[in-house]
């Protein structure tokens, strides 16, 4: 590790202020309030039956706030499990998310200009929060080993690439991914893993003394886990067609998560010494059901179908933490701090595959077709639709791996203030900490 | 204490996986999405004025999420006050609640099949969360002294018995209990106390070294307290008739809780050494106003009436913690870890009695009658209605005590991995804990 | 410091019980449920277009609960940063807020009686929570140096004075202050600073050993910060005109806060030793954007305009913590424990000034005029409106400084159980604490 300075005094303020000023200028040029015309509430919500009665523009607001809590409390506190990295976990989570939601609004909105403007509705704010999630998932993979400057650079690049992939998947391929198993969870996880691979630190092969939890840091992390678990039905249903589809998305996610808890606890006890439960599994694998049911959430898979998906996701995720994470670290040089591969990566792929199967079986409700009329000719056969789902999964993984690799190479440049090995997982390198 | 193994490696995974698989099969047979027909949104919500305009099936969703937060954050963190039992408190709370909501949906739904199916609406999900609350209350009475296997067994039995009593109280007796002072709070408390009596441990008569809090564990518990306190108006109004009744339930609960805080703080200072406040009282007795106003919440008792109920509840509950809990433990062999008798038991009975008085004074709004037209002939006299309220309270207490005793006897069987006395209140017996 | 007793055993219970009993009597005389007539849902909400379709009285309920979370979790946990004062921070916050919302409902409601009654709607409950915020802001200025009895006295007086100023600003001057930059934030801050000045303790000029944080207390404080940050859009929009104005208030606050995070982090790093981030700045200055955009929140300032306000607020607030707070303490005798001058005081004034500018530029939407038809003649010129905004700011500061000074003098009386210097910032003087 070369002896470049980790002092952030100039690098970080200059980058943060410059980014914010550029963002404000872009907002001045491109962003305006939603005036309720032009279907600005989001394409999914302005179907024929909504047009008859003018809808309150804040109908989605409670769901937006649930998603907001997942982003800022959920992701932020989930990562506080490390004994000496809580300030960075919840603090840098706030920094990255606050920037990402601004950047995401532009990167997503530029694909859907109305009269040359991005018109901000609650729907667009939810999508901006969604784009943020990809960055926070990738953050989990490199947690403790990166500087704030590196992370801001990752945010800019990842959001931009996410915007391209999302446009491709949703608009060109016309694939279904209401809860974003593919375009957020799998994408964010494999993007982060590719970055982690580029930033591989051989010296950390044997675990670092700070790369672990203490009793109360594990309790702080449970705040994140439980808020994510509770509000996941909002995440998966927020942009669903209002009415029956949205209720279906809530219901499927609620039961998938409940089933996932039972299987995650059972497998955690089964694989651990003396049948004891492991906090890492409980904090993470209990959420895999929310990830995995995402793509199918608004499809007519039956509550029991959702439960099967959640049940399997809980098993896969727990086994991944126990057996796969050590292999990735030792054999492939991928040091995945939070185990995002187990929580977002594999369950995301499982969700994508479940989506392919469900679409091939015609489980998509007719509303979904209506929402993308321009490509309805693509839907003549469910086989073709299934192929589009497969293409969406492949696209998400491809963009993630290539984009993450390039991003990782840029982040590896030696002047971004990356912490030396011995200061990894330690707040005191970037924060004033009273010992 | 016999030397049976507390190793959960086979017992727990087999039980958890088997229960979940059985549940999924039951869901495949009995559970379907709500399609908005047949009044599936819940009987209370489909009155004449709602039928004119088709209601968004997610109208109750924000209240559902408030209740969800109470169940998973509220109950979970409230119990983290113990210094070495935080993992179990919030972790087993998640496990039990995740199973209980699935089981509760079936146990409640089987009484109200539509075309042979339980049709899941937000209303039914709220009720499933409600049934969960009974188990979590009872969990508080036996906290620290039971294995995960014992607790899953308690969950199955308690939810089943709860379903029977709820059907009897709401459908057969036609009693009012919108905020469930009787059928959830009193029921859950006395069920748990009966179980605790059966599991009496003479060796713990003198307090256990881990049966207490440390500074930060008390702060974690306050997260639970405050979320319960804030969202209790949602709990008491979620299934009220929409419109004026629901607003009344919110208002009554809001003011009852506010008054309760003042009396709980005052009495805590009055009874404690040097007038100091006691965290146990603050964490619990401030919530008694929410419990006690439950039955009357949607009745026209006036905001000041609600405040009187809350004021009295705060006093009773604090005095209970100070004077009654030690007597129950030493004289009756009931070791009530969280003092659920003071938070849910006595305030629940107070709520039931307040309901009898209010009904006898004709404080019930006419909407409530309409919601149960089949039994409107029972309502000719307010005296008869008051008698039904009394019968509902008696039924809830009877089912709780008998059911809890039987459940306790089953849980006492020596092969469920119950912890030995010296390992009570200690996470490390069932969790990987880094010291 | 005279040797008056800090024993609360009689003083506190008698005061608390007496206040609650008086409040219940006042409620019995003056307070009734909202019956949906008389525009009881709040003047802002009963405009012509709402009258056509009868509105659900719980439309504002989700926003009310967001505000509720800010008051009880947000303010409560934000103040837990002190290492030995967490019980008091979150516990006395609950006590004061529970009393303040009851007292505030009366003090605000007496100005708007309908048939001699205060009719409680969700709108009125939001306003009652708002009045509470002023007390909690002032509490931050004197945190650690006052007894529960002193704080209850402050609550009574501050809410009463707040009610007068709010009536003057909103009804007589007809000024806009939807997010209450002036009437809550600036008022609460300068009221608290005036009290702090009166209670000046020369012996604490050199910092007290307990006047600081430890690692986990800073993480508890972040729970407060993040919930305040997330739900601030609800605070600023809750009483806005429903529809486009309310969406505008949400949007402006969302982006102002996001921009504020970037500038607060940047400046924190810029002014700190070795470019490290300081938790005090992150916990507080990231919220200044919510304060400062309050007055303009529902005005057509453009999302980029909101971002500029937030950006500037983040800078001012962070610089205030670094440079101004020490000067206030050493030169002016104002010991501002939480730095409310930096979070609420200066950003509140900034918000008031931004409001004057925006109104002078005709940025107010026409809806706002309609909501106060009685004074529409005042609005002939935007210059006159701007003058009214200026008068509102001056009035808020004037009432705060005079009211705070008088209140501080009353609180200084020696028999309210004020802690001696050496016991400041220490829970154990008023709480049972196990060491």
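Nothing in this text is a laboratory measurement; each read-out follows from the coordinates by a stated rule. Here the structure is a predicted model, which means the values were calculated and not measured. Here the Cβ positions follow ideal geometry from the backbone for every residue, glycine too, while neighbour counts run over all protein chains shown.
A convex hull fitted around the alpha carbon atoms of the stretch B:294-369 yields 95 Å³ per residue. Taking other C-beta atoms within 10 angstrom as a stand-in for reagent exposure, A:23, C:132 fall in the order A:23, C:132, fewest first. Spin-label model, residue C:29 to residue A:384: label points 7 Å out along the Cα-to-beta-carbon direction sit 7.7 nm apart. Peptide A:12-19 has a mean shielding of 6, counted as Cβ atoms of other protein chains within 10 Å of each residue's Cβ. Principal axis extents of the C-alpha atoms in the protein assembly as shown (largest first, rounded to whole Å): 73, 72, 62. Checking a compactness column here: for the stretch A:218-375, what do you get for Rg(Cα) / (2.2 N^0.38 Å), N being the number of residues? Dividing the Cα radius of gyration by 2.2 N^0.38 Å gives 1.08.
Distances, shortest first, from the label point of residue B:111 to those at the same position in the other copies read 4.9, 4.9 nm; the point lies 7 Å along Cα to C-beta. Arranged from fewest to most other beta-carbon atoms within 10 Å of their beta carbon, B:307, A:70 become A:70, B:307.
Compute the Cα gyration tensor for the stretch A:214-268, then decide on rounded, prolate or oblate, letting a ≥ b ≥ c be the square roots of its eigenvalues: rounded whenever a/c is under 1.5, prolate when a/b is larger than b/c in the other cases, and oblate in all that remain. Oblate, because a/c is 1.5 or more while a/b does not exceed b/c. Please report the base-10 log of the normalised intensity I(q)/I(0) for the stretch B:230-310, using a Debye sum with one equal scatterer per alpha carbon and no solvent, at each q in 0.14, 0.18, 0.20 (1/Å). Log10 of I(q)/I(0), two decimals: -0.45, -0.65, -0.76. Pop the C-beta distance of residue A:401 and residue A:114 into the FRET formula with R0 = 25 Å and round what comes out to the nearest 0.05. Calculated transfer efficiency: 0.15.
Across identical copies of the chain, residue A:405 has label-point separations of 7.2, 7.2 nm, listed in ascending order, with the point defined 7 angstrom from Cα along Cα→Cβ. Over the stretch B:195-308, what is the mean sequence separation of C-alpha contacts under 8 Å (at least six apart), divided by residue count, expressed as relative contact order in percent? Once normalised by length, the contact order is 31 percent. Look at where the Cα atoms of the stretch B:277-317 and of the stretch A:164-179 average out, and the two centres are 51 Å apart.
For residue A:327 and residue B:422, a Förster radius of 35 Å and the Cβ-Cβ distance give a FRET efficiency of 0.35, rounded to the nearest 0.05. Between residue B:164 and residue B:206, the distance separating the two model label sites (each 7 Å from Cα on the Cα→Cβ line) works out to 4.3 nm.
Distance from the A-onto-C rotation axis is smallest for the Cβ of the chain A residue given, in whole Å, as A:62, 2. Comment: the Cα-to-Cβ extended label point of residue A:207, at 7 Å, lies 3.5, 3.5 nm from its counterparts in the other copies, nearest first. Taking the inverse of the mean 1/r over every pair of distinct Cα atoms in chain C gives a Kirkwood hydrodynamic radius of 21.7 Å.
Can you bin the stretch A:54-147 into rounded, prolate or oblate? Criterion: square roots of the alpha carbon gyration tensor eigenvalues sorted a ≥ b ≥ c, rounded for a/c under 1.5, prolate for a/b above b/c, oblate for the rest. In terms of gyration-tensor shape, oblate.
Counting other C-beta atoms within 10 Å, which of B:325, C:253 has the fewest, and how do the rest follow?
On the way: B:325 20, C:253 27.
Fewest to most other Cβ atoms nearby, the residues stand as B:325, C:253.
For the stretch B:89-205, the C-alpha radius of gyration sits at 1.10 times the compact-globule guess of 2.2 N^0.38 Å, with N the residue count. When a/c is below 1.5 the answer is rounded, else prolate if a/b is larger than b/c, else oblate, so apply that to the stretch C:173-216 with a ≥ b ≥ c taken from the square roots of the Cα gyration tensor eigenvalues. Oblate, because a/c is 1.5 or more while a/b does not exceed b/c.
Relative contact order for chain C: 25 percent, from Cα pairs under 8 Å spaced at least 6 residues apart, divided by residue count. For the stretch B:142-265, the relative contact order is 21 percent, taking Cα pairs closer than 8 Å that sit 6 or more residues apart in sequence and dividing their mean separation by the residue count. Mean residue ellipticity, 222 nm, helices only, the protein assembly as shown: the sum of -39500 (n - 2.57) across DSSP H runs of n ≥ 4, divided by residue count and rounded to 500, is -19000 deg cm²/dmol.
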